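Asker: Dropping a structure here in structure tokens format, bear with me for questions.
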Amino acid sequence: MKFSSFAKVAVVALGILTTFSVAEDIIATASNGATVILHDNGRWEYYQNNKNIRDVRSSAVPEDMKFNVSVLYESAEKLKKNVRMAMEADLATEEEIKDSVRKVPKGGIIYFQVPTNQIKKGLPRDLTYSIYDKGKNPIFTKTVSDTQAEPSEDAGVSNLLVVPVYSRPKVKVMKARIENKAGHQTLEIDIPIQ
């Protein structure tokens, strides 16, 4: 590429000026309209405050907005064993044990859980919980506030929602969907069925 003599002088002058100044990042607009930061080492990244780019890095999310939800599945067989052991410890009769074991849901129980320290009394979150077995329609949907969570048997963990599954699952992996409809956020979790 040929430069005119004026362009050569300008390039040399710019080179001299930049050697004495501290290298700075350049903010530019990409062809898709997104704002990017060009670093002096050749690296680039999306500009965090750009309305066209949603920054999904965990460092960009404020601590008060982070919310870790986990899903736990307990099979009907495990629940029956637990009920039997608890009732035998209470010296229940075999008839009482059988009656209680019959009441265990055939598909087990699904727990939506969260660390108890994440629940903020002044900042309630309404989340919609859905469970999918087969197909596009959920077999269960409910919207619950996290302030309704109850402590579980595990220390430091609260149950946001306990869902009995009354029929045996038809798949080996069920799907759980957690939606924050106000914030337009969705999280999908696979639930392996044992």
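The values are calculated or read from the model by the stated rules, or taken from the named source; none is laboratory data. Keep in mind the model is a prediction, meaning the values are calculated, not measured. When we count neighbours, we look across all protein chains shown, and the Cβ atoms used for this are built from the backbone with ideal geometry, even at glycine. Note: areas computed on protein heavy atoms with side chains; ligands, DNA, RNA excluded. Shrake-Rupley method; radii C 1.70, N 1.55, O 1.52, S 1.80 Å.
Asker: Taking into account only those residues within region 70-122 that are basic (Lys, Arg) and closer than 16 Å to Pro164 by Cα, which is surrounded by the most Cβ atoms within 10 Å (Cβ to Cβ)?
Answerer: Lys80
Asker: Further question on the same structure: From Val61, Val36, Val56, which residue is modelled with pLDDT under 75 and either more than 20 Å from the chain's Cα centre (by Cα) or open to solvent by 60 Å² or more (accessible area, probe 1.4 Å) (or both)?
Answerer: Val56
Asker: Check every one of the strands (runs of 3 or more DSSP E) wholly within region 109-194 and list those with 2 or more residues that are closer than 16 Å to Ser70 by Cβ.
Answerer: 109-115, 126-132, 157-164, 173-180, 185-192
Asker: So Arg125 fits all but one of (1) basic (Lys, Arg); (2) open to solvent by 70 Å² or more (accessible area, probe 1.4 Å); (3) modelled with pLDDT under 90; what number is the exception?
Answerer: Only one criterion in (1) basic (Lys, Arg); (2) open to solvent by 70 Å² or more (accessible area, probe 1.4 Å); (3) modelled with pLDDT under 90 is unmet by Arg125, namely (2).
Asker: Is it the case, given these coordinates, that Ser152 is over 22 Å from Ala76 (Cβ atoms), among the polar types (S, T, N, Q) and open to solvent by less than 90 Å² (accessible area, probe 1.4 Å)?
Answerer: no
Asker: If the requirement is being at pLDDT below 75 and in contact with a helix residue (DSSP H, G or I) (Cβ under 7 Å, 6 or more places away or on another chain), which of these qualifies: Phe20, Phe67, Phe6?
Answerer: The match here is Phe67.
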